[in-house]
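Only one structure is covered here, and it is reproduced in the block below.
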Amino acid sequence: MLVINDLHAGIGDREILRGITLRVNAGEVHAVMGPNGSGKSTLAQVLAGNPSYEVTGGSVMYNGQNLLELDPEVRAQNGIFLAFQYPVEIPGVSNAYFLRSAYNEIRKANGQEEVDPLEFLDLVEDRLKLVDMDQSMLSRSVNQGFSGGEKKRNEIFQMAVLQPRLAILDETDSGLDIDALRIVAQGVNKLRSPDNATIVVTHYQRLLNYIVPDFVHVLANGRIVKSGGKELALELEEKGYDWIQSSTPAAAGAVA
Amino acid sequence: MTETAIRKSTHENSVREASKAEGVTTRKAGSIETYREEFARLPVGPEWLQSLRKQGIARFEGLGFPTTKNEDWHFTSVAPIAERSFRLSTVSESNGDNERRGAARRKGDVTNPAGITPSLLDRFQFGERDWHTLVFTNGGFAEDLSSFAALGDSVRVSSLAQAIKSGSEVVERYLGKIARFDQHAFTALNTGFISDGAFVELRPKAIVDRPIHLLFVSDGDGVSHPRNLIVAGLHSQAVFVESYVSLRDGEYFTNAVTEMVLGDGAHIDHYKIQRESETAFHVGTVQAREGRDSQLHSFSFATGGSLARTNIYTSLDGDAATCTLNGLYLTDGTQHIDNQTSIEHIAPNCPSHEVYKGVLDGRSHGVFNGKVYVHPEAQKTDGKQSNNNLLLSPTARVDTKPQLEIFADDVKCTHGATVGRLDEVAMFYLNSRGIGRDAARTLLTYAFAADVLETIELEPLRRELEKMVLARFSA
């Protein structure tokens, strides 16, 4: 589904990703872990097409297409979804209007008919339950006045409605208490299927008790320095990121 | 024939030339001279009115058109108005058309001298056919197009011309007393030409069930000086919509003044909707005096005209009088839209709230100047003012000047102004959900404007303005 090869990217003159290589197949869950500043959020943003980042080398193929040539909205229309680390507040635009617009734009791009507001309400009702949110949130402005937990749940709610083929969760767990974390994880797990894939970007192992990954990759200084199964996350939690960073040269050599 | 031809403005001339109706034209340099000539041609009114008009025209001649050296006009040059010689629109319309009108009546085809049929006005009525509506064409009252029956004994509504003719004491008492013209050239000019407009008197405790719509329709290249007077008695209540629209593009000039007197406990909602032709000129002043415990809720929507200025002035004269002055201006192309507000806190315990927003595109220029004066006696004043602007193009410009002058020591006043562009982070957020740049831009711009439109309590009006704003920003 997704083939990243030697990806280099950064902001301005600062290179943040220094050669990421990663392959994600349908049905898989990949966890990307790493210390602050290792480039994990940058990877998520670059995959979603944030124009603030410049790709300086390498390639990303998504279902046989050159992903890097596509505008962010086209990526979304083709099934890529990024759950933001810091969801954006948009005063004056209701959640319902925002999400219905997104839903219809994606349908239009895929040659499907748009849905009207009433049909849309029916459609989102059980998705709201999935993340334990009340219908009243639909009439509120996008993320405005939402608590940290509500914002993250709103991201998962959007994901549940838009049903992406490749979901990228950027530190969706950070700042969540354990109840909110469970709700979020439960939402993600319900949406897993053999046809779609998930990349979970996280700083902590905790989330991975609830969203069990098939693969864990550790990022440091813009490179994947270690890959393994779900045990790697536990080992990392136990030994800390210093363990990885001190063994970086050897690990980097092994990956290359 | 020659005399009329000489008086044509350049634009009018080009139109006439195209139709080969008239040939000779000359452009006059000094338009003040033209106004003086037009003044001399005005039909004479009652003595008190003649005296008021004379004071007005004399003051206008004394002040002349404001220049950008005048602090109130620092960001707005009125040269395009000053350089043109506008003829009075109403005079030509009201003369000698009785025959046509009569003929039209006999045919059962309701129309007015300007040839305007009611169906042409549908699109300016916010989908509401049962509002009390007074229509004015080129500044003159169009009875055939108006409908305001069944207002009851406690409400008096008529054209100002009619009220003057019938010798209304209230008109004589208040006209020209609220809108000061000692320092305001355009108000002085309007005062010089007071002829017609709307007159509404609400007797004590009168409550008007439906909005009163004053609809000013322009259709030509002349100048009109609409003058409205609203006198609201003790605990009376009414909603006014004052609209300025045009049926086709014209380089006409509207110079309007509305005076409002709010008695103790009166509650007036006033919506000014400025949708003039994009080649027109508009200067409109709304000036109010508020008695004890009265409430004025004003909303100013401005989107028309090549050069437009709206002044909303109020004076909180009585204890605990309140006002909210909100507004939205949308500019594009080479439009210049200026908004000036003034709130005089004269009495204590008065709250005043103000939110103005502007969305500026193309090479347009927006101006906001909001003054709040707190007089020494106006203790416990609670004043809030903000002005936020969104620039949609790199060549659009806005000048914003919130101005607070406080002479009392126990007050709470805040003000702030912002000028920004579309938020790129929000843009990416929308893009990442499948919404393309154009749609996202529409959505974000609409959201910015909708925020202040939400303060409009008159629902049909809010709905129509929201639709209008959305349509305007749709790519």
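The values are calculated or read from the model by the stated rules, or taken from the named source; none is laboratory data. Note that the structure is a prediction, hence the values are computed from the model and not measured. Backbone-built Cβ (ideal geometry, glycine too); neighbour counts: all protein chains shown.
Things worth noting here:
- Residue match in segment B:149-170 (condition: touching a helix residue (DSSP H, G or I) at 6+ places or on another chain (Cβ under 6 Å) and closer than 19 Å to B:Arg289 by Cα): no
- Residue in segment A:91-104 that is surrounded by fewer than 17 Cβ atoms within 10 Å (Cβ to Cβ) and assigned to a loop (DSSP other than H, G, I, E, B) present: no
- Scanning segment A:50-74 for residues that are out of contact with any Ser or Thr (no Cβ under 6 Å at 6 or more places or on another chain) and at the interface with chain B (Cβ under 8 Å from one of its Cβ atoms) turns up A:Asn50, A:Pro51, A:Ser52, A:Asp71, A:Glu73.
- Condition check for A:Val29: among the β-branched types (Val, Ile, Thr) and away from chain B (no Cβ under 14 Å): yes
- Unique residue being modelled with pLDDT of 50 or more and either within 21 Å of B:Ala280 (Cβ to Cβ) or not in a helix (DSSP H, G or I) (or both) when the list is B:Arg84, B:Arg59: B:Arg84
- In the set (1) over 18 Å from A:Asp170 (Cβ atoms); (2) within 8 Å of chain B (Cβ to nearest Cβ), A:Pro87 fails one condition alone, (1).
- Condition met for A:Arg140 (more than 21 Å from A:Phe81 (Cα to Cα) and basic (Lys, Arg)): yes
Here is a yes/no grid of residues against (1) over 18 Å from the mean Cα position of the chain (by Cα); (2) closer than 25 Å to B:Val44 by Cβ:
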| position | (1), (2) |
| --- | --- |
| B:Phe124 | no, no |
| B:Thr137 | no, yes |
| B:Asp144 | yes, no |
| B:Leu151 | yes, no |
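- Annotation note: of B:Gly333, B:Gly362, B:Gly366, the sole residue that is crowded, with 22+ Cβ neighbours inside 10 Å and in the same structural domain as B:Val283 (by TED's automatic domain parsing) is B:Gly366.
- Any hit, segment B:241-261, residues being touching a residue at least 40 places away in the same chain (Cβ under 8 Å) and over 18 Å from the mean Cα position of the chain (by Cα): no
- Residues within segment A:119-132 that are touching a helix residue (DSSP H, G or I) at 6+ places or on another chain (Cβ under 9 Å) and modelled with pLDDT of 90 or more, tallied: 7
- Residue match in segment B:281-292 (condition: hydrophobic (A, V, I, L, M, F, W, C), in the same structural domain as B:Glu172 (by TED's automatic domain parsing), closer than 21 Å to B:Thr133 by Cβ and buried (at least 24 other Cβ atoms within 10 Å of the Cβ)): yes
- Every residue from segment B:437-452 that is touching a helix residue (DSSP H, G or I) at 6+ places or on another chain (Cβ under 7 Å) and more than 9 Å from chain A (Cβ to nearest Cβ): B:Thr442, B:Thr445
- Hey, A:Ala252 over 15 Å from the mean Cα position of the chain (by Cα) and modelled with pLDDT under 95 or not: yes
- Any hit, segment B:414-432, residues being more than 9 Å from chain A (Cβ to nearest Cβ) and acidic (Asp, Glu): no
Rundown of residues vs (1) more than 20 Å from A:Ile106 (Cα to Cα); (2) buried (at least 20 other Cβ atoms within 10 Å of the Cβ); (3) within 14 Å of chain B (Cβ to nearest Cβ), yes/no style:
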{"site": "A:Met159", "(1), (2), (3)": "no, yes, yes"}
{"site": "A:Ile168", "(1), (2), (3)": "no, yes, yes"}
{"site": "A:Ser174", "(1), (2), (3)": "yes, no, no"}
{"site": "A:Asp179", "(1), (2), (3)": "yes, no, no"}
{"site": "A:Arg182", "(1), (2), (3)": "yes, no, no"}
{"site": "A:Gln186", "(1), (2), (3)": "yes, no, no"}
{"site": "A:Asn196", "(1), (2), (3)": "no, no, no"}
{"site": "A:Ile199", "(1), (2), (3)": "yes, yes, no"}
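Each row is one residue, and each column tells you yes or no for (1) farther than 20 Å from B:Leu175 by Cα; (2) in a loop (DSSP other than H, G, I, E, B).
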{"residue": "B:Phe216", "(1), (2)": "no, no"}
{"residue": "B:Asp221", "(1), (2)": "yes, yes"}
{"residue": "B:Ile230", "(1), (2)": "no, no"}
{"residue": "B:His235", "(1), (2)": "yes, yes"}
{"residue": "B:Val239", "(1), (2)": "yes, no"}
{"residue": "B:Glu242", "(1), (2)": "no, no"}
{"residue": "B:Val245", "(1), (2)": "yes, no"}
{"residue": "B:Asp249", "(1), (2)": "yes, yes"}
{"residue": "B:Thr254", "(1), (2)": "no, no"}
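- Any hit, segment B:385-407, residues being more than 14 Å from every other protein chain (Cβ to nearest Cβ), under 27 Å from B:Leu296 (Cα atoms) and not in a strand (DSSP E or B): yes
- Boolean, B:Ile343 is under 26 Å from B:Asp409 (Cα atoms) and part of a strand (DSSP E or B): yes
- On the stretch given as segment A:1-33, residues that are under 23 Å from A:Arg192 (Cβ atoms) and small (Gly, Ala, Ser) total 3.
Results for (1) among the basic types (Lys, Arg); (2) assigned by TED's automatic domain parsing to the domain that holds B:Gly304; (3) within 17 Å of B:Ile312 (Cβ to Cβ); (4) modelled with pLDDT under 95, shown as yes or no for each residue.
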site	(1), (2), (3), (4)
B:Val170	no, yes, no, no
B:His184	no, yes, yes, no
B:Glu201	no, yes, no, no
B:Leu215	no, yes, no, no
B:Val231	no, yes, no, no
B:Gly250	no, yes, no, yes
B:Ala256	no, yes, yes, no
B:Ile268	no, yes, yes, no
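Table: residues versus (1) touching a residue at least 60 places away in the same chain (Cβ under 8 Å); (2) of a type in the set (Lys, Arg); (3) at positive phi.
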| site | (1), (2), (3) |
| --- | --- |
| A:Ile20 | yes, no, no |
| A:Asn25 | yes, no, no |
| A:Gly39 | yes, no, yes |
| A:Asn50 | no, no, no |
| A:Val60 | no, no, no |
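- Checking each residue of segment A:96-107 against the condition of being facing chain B (nearest Cβ under 9 Å), more than 16 Å from A:Gln163 (Cβ to Cβ), in contact (Cβ under 8 Å) with a residue 12 or more places away in the chain and of a type in the set (Gly, Ala, Ser) gives no match.
- Here is the figure for segment A:142-156: residues that are away from chain B (no Cβ under 12 Å) and not hydroxyl-bearing (Ser, Thr, Tyr) total 8.
- Number of residues in segment B:126-147 that are assigned to a loop (DSSP other than H, G, I, E, B) and surrounded by fewer than 19 Cβ atoms within 10 Å (Cβ to Cβ): the value is 4.
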